[in-house]
């Protein structure tokens, strides 16, 4: 999984995907705030990303969610 984000921005977004037994794809995502190494995503109760038709579609969906998590935390930081 490749990280997305400028190290100076204070966050790392790790989007990816997995193939389901049914042949569909679901996004995987990890978002970390660097200053305190806090894992912002995933969290308990988070919904599955997808299913999607392709791996790249699932990864893009995960990336969009990751960007939204970063923007939300920047506006109102999670303790």
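The values are calculated or read from the model by the stated rules, or taken from the named source; none is laboratory data. No experiment lies behind these values; they were computed from the predicted model shown. So basically every Cβ, Gly included, is an ideal-geometry build from the backbone, and we count neighbours across all protein chains shown.
For this structure, a couple of remarks:
- The residue that is modelled with the lowest pLDDT, counting only those in the range 54-79 that are part of a loop (DSSP other than H, G, I, E, B) and out of contact with any strand residue (DSSP E or B) (no Cβ under 7 Å at 6 or more places or on another chain), is 79.
- Residues of the range 13-34 that are in contact with a strand residue (DSSP E or B) (Cβ under 9 Å, 6 or more places away or on another chain) and either in a helix (DSSP H, G or I) or loosely packed, with under 11 Cβ neighbours inside 10 Å (or both): 22 alone.
- Tabulated pairs, the range 31-60, first at positive phi, second assigned to a helix (DSSP H, G or I), C-beta under 7 angstrom, 6+ apart or interchain: 50/58; 50/61
- Number of residues in the range 38-79 that are closer than 15 Å to residue 9 by Cβ and over 11 Å from the mean Cα position of the chain (by Cα): the value is 7.
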